[in-house]
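**Student:** Before I ask anything, let me first share the structure, which is written out below as structure tokens.
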């Protein structure tokens, strides 16, 4: 993996293997990181209202230790 801080994009690749076929397929994976403090602004700038933010898909509270940010948003 390679993280580009200027664009907030993490560049990685998945290497798929099978018995007798090592690395038979490589799939590039580019993930844009959206930091917690910028997500509400991005939503608002695009006509959405942030209703609730969770720290995982089970509904745990969002904290600095959360593995994810899961947002419930509504169009205005």
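**Student:** Go through the range 43-61 and give me each residue that's farther than 29 Å from residue 14 by Cα and within 15 Å of the chain's Cα centre (by Cα).
**Tutor:** 43, 53
**Student:** Could you go through the range 15-22 and let me know if any residue there is within 23 Å of residue 76 (Cα to Cα) and surrounded by 10 or more Cβ atoms within 10 Å (Cβ to Cβ).
**Tutor:** No, the conditions are met nowhere in the range 15-22.
**Student:** I want to confirm something. Restricting to the range 27-37 and keeping residues that are surrounded by 10 or more Cβ atoms within 10 Å (Cβ to Cβ) and touching a strand residue (DSSP E or B) at 6+ places or on another chain (Cβ under 7 Å), which single residue is farthest from residue 75 (Cα to Cα)?
**Tutor:** Top of the filtered list is 29.
**Student:** Scan the range 38-57 for residues that are in contact with a strand residue (DSSP E or B) (Cβ under 7 Å, 6 or more places away or on another chain) and over 19 Å from residue 7 (Cα atoms) and jot them down.
**Tutor:** 47, 48, 49, 50, 51, 52, 53, 54, 55, 56, 57
**Student:** Taking residue 71 and the conditions (1) surrounded by fewer than 10 Cβ atoms within 10 Å (Cβ to Cβ); (2) within 17 Å of the chain's Cα centre (by Cα); (3) in contact (Cβ under 8 Å) with a residue 24 or more places away in the chain, which numbered condition does it fall short on, given that it satisfies the others?
**Tutor:** For residue 71, the exception is condition (1).
**Student:** Looking at the range 57-67, which of its residues are surrounded by 12 or more Cβ atoms within 10 Å (Cβ to Cβ) and at pLDDT below 95?
**Tutor:** Result: 66, single match.
The values are calculated or read from the model by the stated rules, or taken from the named source; none is laboratory data. From a predicted model like this one, the values you see are computed outputs, not experimental measurements. A quick note on method: Cβ atoms are made from the backbone with ideal geometry, for glycine too, and the neighbour counts reach across all protein chains shown.
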